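J.: My questions will all concern the structure given below.
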């Protein structure tokens, strides 16, 4: 059994789902866009990476008994919301830039079309994957550019 990524979710996302279920707005169709507001100093563009890893994590994104017990024991959400989380399966669509494409601030690199609750629960997972993977890819692109056609060798694995 693979490790679940379900609790890679901020608490406020779970409480928003709880409130939406209470108000009956959890299944309202929504569009979520992931984008960067700004790039690190000196960077003119970013390089998108993490799409494959995100898709793998989404396939395994389930709230198992251990996660549901934790949420119940810590009174994070109501029992009705726990029932909804137990049956969670993403039914929306995801589109966006291809792996390795350049992106700029303000441009949505990923678009999620889904019912509100299904999409909002993925926010932290999406941002954590793309923030890290794209930072690594962007730094690598910058190194390749600075090398000006000379070969590069990665030696970081030698460090403890």
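Readers should treat all values here as calculations from the given coordinates under stated rules, not as data from a laboratory. Quick caveat: nothing in here was measured; it's all calculated off a predicted structure. Note: ideal-geometry Cβ built from the backbone for every residue, glycine included; neighbour counts use all protein chains shown.
J.: Helix 11-23 versus the longest principal axis of the chain: what is the Cα-based angle in degrees, 0 to 90, to the nearest 10?
T.: Tilt relative to the chain: about 40 degrees.
J.: Quick one: order 28, 53 by neighbouring beta-carbon count within 10 Å, fewest to most. List each step's numbers first, then the result.
T.: On the way: 28 11, 53 14.
So the ranking, lowest neighbour count to highest, is 28, 53.
J.: Return 51, 25 ranked ascending by Cβ neighbour count within 10 Å, so the fewest neighbours appear first.
T.: Numbers: 51 21, 25 13.
Ranked by crowding around the Cβ, least crowded first: 25, 51.
J.: Between residue 139 and residue 113, what is the FRET efficiency for a Förster distance of 22 Å, r being their Cβ-Cβ separation, to the nearest 0.05? Let's see the in-between values first.
T.: On the way: r = 31 Å, r/R0 = 1.42.
Taking R0 as 22 Å, the efficiency between residue 139 and residue 113 is 0.10.
J.: A further question follows. Which FRET efficiency, nearest 0.05, do residue 35 and residue 99 yield, Cβ-Cβ r, R0 22 Å?
T.: On the way: r = 17 Å, r/R0 = 0.76.
Result of the calculation: an efficiency of 0.85.
J.: Oh, and also: Considering the Cα positions of the chain, please state its Rg to one decimal place and its Dmax as a whole number of Å.
T.: Cα-based Rg and Dmax for the chain come out at 18.6, 60 Å.
J.: Nearest 10 degrees, 0 to 90: what angle lies between the long axis of helix 123-147 and the longest principal axis of the chain (Cα atoms)?
T.: Roughly 0 degrees, rounded to the nearest 10.
J.: Mind sorting 133, 65 by how few other Cβ atoms lie within 10 Å of their own Cβ, fewest first?
T.: Numbers: 133 19, 65 8.
In increasing order of surrounding Cβ atoms, one gets 65, 133.
J.: Which whole-number percent gives the relative contact order of segment 11-146, counting Cα pairs below 8 Å spaced six or more residues apart? Show your work: numbers first, answer last.
T.: Values: 183 pairs, mean separation 58.0, N = 136.
For segment 11-146, the relative contact order is 43 percent.
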